[in-house]
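Data first, discussion second: the structure below is written as structure tokens.
The values are calculated or read from the model by the stated rules, or taken from the named source; none is laboratory data. In this text, all values refer to a predicted model and were calculated from it rather than measured experimentally. Counting neighbours? That spans all protein chains shown, and the Cβs are built from the backbone with ideal geometry, glycine included. Note: areas computed on protein heavy atoms with side chains; ligands, DNA, RNA excluded. Shrake-Rupley method; radii C 1.70, N 1.55, O 1.52, S 1.80 Å.
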Amino acid sequence: MVNTKTTLCGIELDNPVIPASGTFGYGSEFAELYDINCLGTLSMKGSTRDPRFGNPTPRIAECAGGMMNSVGLQNPGIDAVISTELPKLRKVFHKPIMANICGYSLDEYAENAAKMDKAEQVGWLEINISCPNVHCGGMSFGTVPENAAEVTRAVKAVTTKPVIMKLTPNVTDIVSIARACEEAGADGVSLINTMMGMAIDLRTRKPLLANITGGLSGPAVKPVALRMVYQVSQAVNIPVIGIGGITTAEDVLEMMLAGATAVEVGAANVADPFACKKIIDSLPAVMEKYNIQSLKDIIGGAH
Amino acid sequence: MKQGLFKILENKELAPDVHQLVLEGDTSAIRCAGQFIDIRLDGHFLRRPFSICDWTSSTLTVVYRTVGKGTAELSEYQTGKTVELLTGLGNGFDTTVSGDKPLLVAGGSGVPMMYALAKELIAEGKQVSAVLGYRTAADVFLANDIEALGVNVTITTEDGTLGIKGFVTDAMQDMDYTYFYTCGPEAMFKAVHRIAATSGQFSFEARMGCGYGACMGCTMETKNGYKRICKDGPVLVREELIW
Ligand SMILES: Cc1cc2nc3c(=O)[nH]c(=O)nc-3n(C[C@H](O)[C@H](O)[C@H](O)COP(=O)(O)OP(=O)(O)OC[C@H]3O[C@@H](n4cnc5c(N)ncnc54)[C@H](O)[C@@H]3O)c2cc1C
Ligand SMILES: Cc1cc2nc3c(=O)[nH]c(=O)nc-3n(C[C@H](O)[C@H](O)[C@H](O)COP(=O)(O)O)c2cc1C
Ligand code: FES
């Protein structure tokens, strides 16, 4: 029997597979299909202080090897998430969950973190400083090391839960951002969020997405994600969650060899509702194939 | 919703750029007309959504227009090939509110789902009429099949080569109906919404990511809040539309 367990900021996961924020809703659609307790944990759709519709539609486009989205953080607001979605999720998911939050100001980040800190179900806070689809806020906090550090400090000041900073790949030097987060007290980093892209509709001769640009994700971004996880995990001493283009158990192993302690699976859930379950089910056999007894042993093995 | 493998029994051209695909597999997740399926195509990351045109306990039919790369490739798929589908997606039409004389109004790729809906309404003993809009006579498809179910069909063509010249709304004006169901392009929707004499249901299309409510890609604002076309729709009632 192989060992698929991993430990993320002091909390043990049965396996490293975590549905990525924004691609799994609040879990209920998937709980109708299979027992989602097979997941390591799950990262909920990003919450903001106020309810948001998000960007105008169309906000999804297909491309070679993946997709682009410009959803723009549609969510019912953090209070509704806590009062409505968390109780619903509790009925179908019995493990600590990861609460993904976003903000438009330092104050908002702190306010949202303080609210999630009180939610007993929440095991980790994942702080999105990397959303390319919201203007003023979101990614602008994640592209400058000092700003990223400021958000980290603001959040750390109001919570005792592990804080994982979610980083954007749309920067010249992601390592400097990760280091700034670590120095400011982050307990982990997750990367990557989507890469800025766009699509043109030949029929209309205009951008296909109403927002003009969107975030690229899916298999097309995996090499970039692997490279960034490899570089960041060498530079910091906090755990790294590897995200980007994971669709198979083989991808999970590659990401862990690159230095990830756990992984998040995003676009794959959009293409196949059973994606995470299939990855988890096939993980032991693939580990055996590559002579891996315990996942913990291979983290950063490629360094 | 169910995920399943289906075998292609038939994939034939009905009209220029319009194909009928008949699939064999487990259809038990399909509850009613107006629901859709999401088909995985080789070499494409996202699925393609199509309304259910007809189904039995072991087969289902969709009728699709070849508009882009995916549908063009699908039209080349041969009988016997296996494809992977999500079935039973979306809310579908509510026929309990139709009254005894429902009217179906459809244009273009909105026509196929009206076959399933007509079948359901006829089985409920209702007197069903339909206005089906096409560009030109050569584009007409499924009209005979819908008529054969016992529906009183009126055809409109934009160039007047068959039926009434003009748009579906030109034919709707003097019709007598208790309720309407519609699917078609947005311009048609807005015209129908403007002139319709009764309440009704609209089946929307949207660029979708997942097709089952997880990604928030397809949301539309309504008077009853934000609705995901794939999960809370595709069918919305007239009174909730913000037009
Ligand atoms: C609920 C629903 C029911 C539908 N029912 C039917 C039907 O019964 N018959 C039919 O002919 N068509 C139907 N459509 C439209 C059909 O899904 C698109 O024509 C098809 O996805 C186009 O794929 P493509 O690869 O040829 O086009 P491309 O433009 O190459 O596709 C690129 C991407 O855009 C998406 N896309 C392109 N056009 C549309 C569109 N109009 N609506 C939604 N997504 C689109 C594709 O799914 C794909 O992800 C329906 C759409 C929805 C949402
Ligand atoms: C439709 C969609 C919505 C997303 N929404 C969020 C979000 O709300 N918060 C967030 O931090 N990341 C969001 N993301 C980014 C993903 O969590 C993930 O970081 C990214 O997609 C890369 O992983 P992938 O290649 O596996 O998709 C979203 C991605 C997609 C495709
Ligand atoms: S397409 Fe994903 S929520 Fe509708």
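What spacing in nm lies between the two simple spin-label points modelled at A:Ser294 and B:Val237, each 7 Å away from Cα in the Cβ direction?
Placing both labels 7 Å beyond Cα along the Cβ direction yields 6.0 nm.
Tell me: how much accessible area in total is hidden between A and B, 1.4 Å probe, Å², nearest 100?
2500
State the antiparallel share, in %, of DSSP beta bridges confined to the range A:56-214, rounding to the nearest 5.
Numbers: 8 of 20 bridges.
So the antiparallel bridges in the range A:56-214 amount to around 40 percent.
When the accessible area of the range A:207-303 is split by element with a 1.4 Å probe, what percent falls to carbon and sulfur?
On the way: 1850 of 3410 Å².
That fraction is 54 percent.
Which shape class applies to the protein assembly as shown: rounded if a/c is under 1.5, otherwise prolate when a/b exceeds b/c and oblate if not, where a ≥ b ≥ c are the square roots of the Cα gyration tensor eigenvalues? Intermediate values should be presented prior to the final figure.
Working: a/c = 2.27, a/b = 1.88, b/c = 1.21.
Judged from the Cα gyration tensor, the protein assembly as shown comes out prolate (a/c at least 1.5, a/b above b/c).
What does the average come to when, for each residue of peptide A:57-70, you count the partner chain Cβ atoms lying within 10 Å of its Cβ? If you can, show how the numbers build up before the last one.
On the way: counts 8, 5, 8, 10, 4, 10, 2, 3, 2, 2, 5, 1, 4, 1.
Per residue, the number of nearby Cβ atoms from other chains is 5 on average.
Please average, across the residues of B:200-212, the number of beta carbons from any other chain that are within 10 Å of each residue's own beta carbon, and give a whole number.
Values: counts 0, 0, 0, 0, 0, 0, 4, 9, 3, 14, 11, 3, 8.
Neighbouring Cβ atoms belonging to other protein chains average 4 per residue here.
Would you please classify the overall shape of the range A:19-110 from the alpha carbon gyration tensor, given that a ≥ b ≥ c denote the square roots of the eigenvalues, rounded means a/c under 1.5, and beyond that prolate means a/b larger than b/c while oblate covers the rest? Before the final figure, lay out each step's value.
Details: a/c = 1.93, a/b = 1.11, b/c = 1.73.
Here the range A:19-110 falls in the oblate category.
Below 8 Å, C-alpha to C-alpha, sequence gap of six or more: please give me the relative contact order for chain A in percent.
Relative contact order, chain A: 20 percent.
So how much accessible area does A:Arg153 have, in Å² to the nearest 10, using a 1.4 Å probe?
So the heavy atoms of A:Arg153 present about 130 Å² to solvent.
Accessible area of the range B:95-203 with a 1.4 Å probe: how many percent of it is carbon plus sulfur? Kindly include the intermediate steps, with their values, before the conclusion.
Details: 2200 of 4420 Å².
Carbon and sulfur atoms account for 50 percent of the accessible area of the range B:95-203.
Whenever you get a sec, line up B:Trp55, B:Trp243 from highest to lowest accessible area (probe 1.4 Å, protein heavy atoms). The partial results should precede the final answer.
On the way: B:Trp55 65, B:Trp243 110 Å².
Correct descending sequence by accessible area is B:Trp243, B:Trp55.
Between B:Glu221 and B:Ala138, what length in nm is gained on full extension when 0.36 nm per residue of separation is reduced by their alpha carbon distance? List each step's numbers first, then the result.
Details: separation 83, 0.36 × 83 = 29.88 nm, distance 3.69 nm.
Net length gain for the segment: 26.2 nm.
Of the cross-linked pairs A:Lys296/B:Lys2; A:Lys206/B:Lys165; A:Lys118/A:Lys156; B:Lys126/B:Lys223; A:Lys95/A:Lys277; A:Lys45/A:Lys161, which ones have a Cα-Cα span greater than 25 Å in the structure shown?
Details: A:Lys296/B:Lys2 35 Å; A:Lys206/B:Lys165 32 Å; A:Lys118/A:Lys156 14 Å; B:Lys126/B:Lys223 30 Å; A:Lys95/A:Lys277 16 Å; A:Lys45/A:Lys161 18 Å.
Correct reply: A:Lys296/B:Lys2; A:Lys206/B:Lys165; B:Lys126/B:Lys223.
For the peptides A:101-113, B:164-176, what is the packing order when you average, over each peptide's residues, the other Cβ atoms within 10 Å and list the highest mean first? The partial results should precede the final answer.
Numbers: A:101-113: 20.7, B:164-176: 15.5.
Descending mean neighbour count gives A:101-113, B:164-176.
I want the local charge near B:Thr95. Using Cβ-Cβ distances under 10 Å, sum +1 for each Lys or Arg and -1 for each Asp or Glu among the other residues. Each step should come with its number before you reach the end.
Working: positive: B:Lys126; negative: B:Asp94, B:Glu120, B:Glu124.
Once all neighbours under 10 Å are counted, the net charge is -2.
Just add up the charged neighbours of B:Ser199: K/R +1, D/E -1, any other residue whose Cβ is under 10 Å from the Cβ of B:Ser199.
Numbers: positive: B:Arg238; negative: B:Glu239.
It works out to a net charge of 0.
Is the range A:173-303 rounded, prolate or oblate when judged by the Cα gyration tensor, a ≥ b ≥ c being the square roots of its eigenvalues, rounded requiring a/c under 1.5 and prolate requiring a/b larger than b/c?
Values: a/c = 2.66, a/b = 1.32, b/c = 2.01.
Oblate is the answer for the range A:173-303, as a/c is 1.5 or above yet b/c matches or exceeds a/b.
In percent, what relative contact order does the range A:89-171 have, based on Cα pairs under 8 Å that are 6 or more apart in sequence? Let's see the in-between values first.
Details: 134 pairs, mean separation 27.2, N = 83.
Relative contact order, the range A:89-171: 33 percent.
Only Cα pairs within less than 10 Å get springs; with that Gaussian network setup on chain B, which residue of B:Tyr64, B:Tyr115, B:Tyr77 has the largest fluctuation?
Among B:Tyr64, B:Tyr115, B:Tyr77, the largest mean-square fluctuation in the Gaussian network model of chain B belongs to B:Tyr77.
Rolling a 1.4 angstrom probe over the protein chains, ignoring ligands and nucleic acids, what is the accessible area of A:Tyr230 in square angstrom, nearest 10?
80
In a shell of Cβ-Cβ distance under 14 Å around B:Asp176, excluding B:Asp176 itself, what net charge do Lys and Arg (+1) and Asp and Glu (-1) give? Intermediate values should be presented prior to the final figure.
Working: positive: B:Lys101, B:Lys126; negative: B:Asp100, B:Asp174.
Net charge in that neighbourhood comes out at 0.
Using the alpha-carbon atoms, what tilt in degrees (0 to 90, nearest 10) does helix B:111-123 show relative to the longest principal axis of chain B?
Once rounded, one gets 70 degrees.
Keeping all protein chains in position, work out how much accessible area A:Phe53 exposes to a 1.4 Å probe, and write it in Å² to the nearest 10.
Approximately 40 Å² for this residue.
Residues of the range B:1-50 losing 20 Å² or more of accessible surface, assembly versus chain alone, probe 1.4 Å, please list them.
Buried on complex formation: B:Met1, B:Gln3, B:Arg40, B:Phe45, B:Leu46, B:Arg47.
Can you tell me what share of the DSSP beta bridges in the range B:102-199 is antiparallel? A percent to the nearest 5 is fine.
Working: 0 of 18 bridges.
Of those bridges, close to 0 percent are antiparallel.
Based on DSSP, what percent of beta bridges with both residues in chain B are antiparallel, to the nearest 5?
Working: 36 of 57 bridges.
Roughly 65 percent of the beta bridges in chain B run antiparallel, per DSSP.
For chain B, what does the accessible surface come to per residue with a 1.4 Å probe? Please give it in Å².
For chain B, the per-residue accessible area is 40 Å².
For chain B, what's the relative contact order in percent, using C-alpha pairs closer than 8 Å and at least 6 residues apart? Please list the in-between numbers first.
Numbers: 572 pairs, mean separation 42.8, N = 243.
For chain B, the relative contact order is 18 percent.
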